[in-house]
Amino acid sequence: MNQRLRSIDQPFSNEILLDGKNYLYFGGTAYLGIPQQHDFLSLYLEGLKKYGLNNGTSRNNNIQLGIYQEAEHVAAIRYQAEAALITSSGYLAAQLTVKKLAAPGHVIYAPNTHPSLWIDEQPEANGTFKNWSKETLQLINTSTEKNWILISNAMNNLVPEVYDFSFLNNIEPDKNITLIVDDSHGIGINNQGLSAFSSLPERENISHVVVASMAKALGVDAGLILGSEKIIMQLKSTSTFVGASPPAAAGIYAFMHAESIYKKQWLKLQDNINLLTRNLNQSWKYAPGFPAFLIDDATIDQQLW
């Protein structure tokens, strides 16, 4: 590998130009191509002119930019949640959520949870998600403990695999479950772009919260939390939320007004995925509709040269 490719001075794209030569780039998380999408950039510039470069105040400042509450309302409607909360990063969104909501119950981590979800050190959780779900169901239903906090990614984006949470429908009704799911890689892509929130089991004894980085498919340096009005109000009362500065308003402005752009880019992505998958053999592993493809072949890079 050309060592100069490790540090580039150009936007990430499907091609990298170095010394007059084009290299194909198969990595990254800009799944919808938003960072270089012309119409989105125009919206971002509109927001920049309207709101300036950044906002260093806190969310409880005596005078605030109204766009943050407006954007939270838009996000809640767009992703079919009761309420939403926007932070400056996905990491902050996840930490704010787990540290506030994990206290009143017995915490169980699913395998391969992202470090942003860890309360302290890396949790001991091994094996497959499928086996974990079976073991967790049995543990909860046979335990005398009533309150449980389940923490998981929405998917494994490297394998890739979209996780199935339908096992929660078999939880005994006297158990109180809070499900915290990190959908950083799925939001804007999976479930027709709606995020994992609307696909999670709806039961009276289950409260679910979705946290996500908006910096991947959505192309905005910010974090998002989706949940019930009650949970979002709890999170907004924390010192972490009150004391932290919000993300730059320009990006939030672009997010609010880019729904049609996201839809157009999503359709284009699905066309590209379908074109590729029609020509892949069974050696490849992928999740339908998600742009990550895995093959157990150490020489694949030589074949793509």
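Figures for the structure shown
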{"item": "Euclidean distance between Cα centres, region 16-91 to region 151-186, Å", "result": "26 Å"}
{"item": "Approximate spin-label separation D221-A102, in nm, with each point projected 7 Å along Cα-to-Cβ", "result": "2.7 nm"}
{"item": "Where labels lie 7 Å past Cα in the beta-carbon direction, separation of Q234 and E259 in nm", "result": "2.9 nm"}
{"item": "Inter-site label distance for T128 and L5 at 7 Å from Cα along Cβ, in nm", "result": "3.3 nm"}
{"item": "Contact order relative to length of the chain, as percent, for alpha carbon pairs under 8 angstrom and 6 or more apart", "result": "26 percent"}
{"item": "Footprinting exposure proxy for H185, H114 (fewest neighbouring C-beta atoms within 10 Å first)", "result": "H114, H185"}
{"item": "Proximal lysines to K100, defined as alpha-carbon separation beneath 20 angstrom and excluding residues fewer than eight positions away on the same chain", "result": "K146, K175, K230, K236"}
{"item": "Overall Cα dimensions of region 140-266, principal axis frame, Å, largest first", "result": "49, 36, 24"}
{"item": "For region 38-259, the Rg and Dmax computed from alpha carbons only, in angstrom", "result": "17.6, 58"}
{"item": "Scattering profile of region 34-108 at q = 0.12, 0.21, 0.28 Å⁻¹ [log10 I(q)/I(0), Debye over alpha-carbon scatterers]", "result": "-0.50, -1.22, -1.29"}
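Read the figures in this text as sums done on the coordinates, not as results from a lab. Note that the structure is predicted; figures quoted are calculated from it, not measured. All Cβ positions, even for glycine, are placed from backbone atoms using ideal geometry, and neighbour counts span all protein chains on display.
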